[in-house]
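So the structure is just underneath, and the comments pick up after that.
None of the figures in this text is laboratory data; all of them are computed from the coordinates on show. The structure presented is a predicted model; accordingly, all values stated were derived computationally and were not measured. Please note: Cβ atoms are built from the backbone with ideal geometry, for glycine as well, and neighbour counts cover all protein chains shown.
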Amino acid sequence: MAGKLRKLVSSETCVFCKVVNNEIPCYKVYEDNKVLAFLDINPVNQGHTLVVPKQHYQTITDMPLEELKQVISVVYKAVSALEKEFDPDGVNLIQNNGLHAGQLIPHVHFHLIPRIEGDEINFGFLWGTKKVSEQDMKKVQEKISKLITQ
């Protein structure tokens with residue numbers, strides 16, 4: 001199933017790997033040995049920041065958990081900095097896994113987008129909902145619960 005999320009892209013052709021390797025310039029806001037955070041060159045709002053692991057991983061489940069924890073730590077620090085600098089009404093944290101989920105660059109990345117009331121940004125994820133029977137909900141609950149605890 002995880003294969004459905006992947007469009008194989010090598011680190012040699014990956015745009016974010018080129019940014020990490022200084023082949024493409026960026027506006028860095030944070031860097032350590034595992035993580036890079038930089039401003040999006042096509043921001044949704046001022047301060048729109050991307051946080052990426054330096055190692056090439058296409059999806060979040062490709063990453064070792066310890067590396068993901070390091071990325072999330074930087075996400076936390078960056079959101080705190082955005083809140084201090086811009087005093088937004090909210091911040092969107094967006095991480096898409098796979099092309100059909102909106103992942104355009106197949107390298108794990110988090111978008112941190114400061115939001116201001118009335119900015120009229122619509123990401124298109126005001127999705128419709130589906131009615132699911134209690135029996136089906138319980139089946140899915142059981143299956144996912146077993147997989148999570150393995």
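Just a yes or no: is a residue in region 122-136 of a type in the set (Ser, Thr, Tyr) and either part of a helix (DSSP H, G or I) or in contact with a Leu (Cβ under 6 Å, 6 or more places away or on another chain) (or both)? Reasoning before the result, please.
We begin by selecting, within region 122-136, every residue of a type in the set (Ser, Thr, Tyr); these are 129, 133.
Restricting the remaining residues to those that are either part of a helix (DSSP H, G or I) or in contact with a Leu (Cβ under 6 Å, 6 or more places away or on another chain) (or both) gives none.
There is no residue in region 122-136 that is of a type in the set (Ser, Thr, Tyr) and either part of a helix (DSSP H, G or I) or in contact with a Leu (Cβ under 6 Å, 6 or more places away or on another chain) (or both).
Are any residues in region 27-72 surrounded by fewer than 18 Cβ atoms within 10 Å (Cβ to Cβ), closer than 29 Å to Glu120 by Cα and more than 13 Å from the chain's Cα centre (by Cα), and if so, which ones?
Answer for region 27-72, where residues must be surrounded by fewer than 18 Cβ atoms within 10 Å (Cβ to Cβ), closer than 29 Å to Glu120 by Cα and more than 13 Å from the chain's Cα centre (by Cα): Tyr27, Lys28, Tyr30, Leu39, Ile41, Asn42, Pro43, Val44, Asn45, Gln46.
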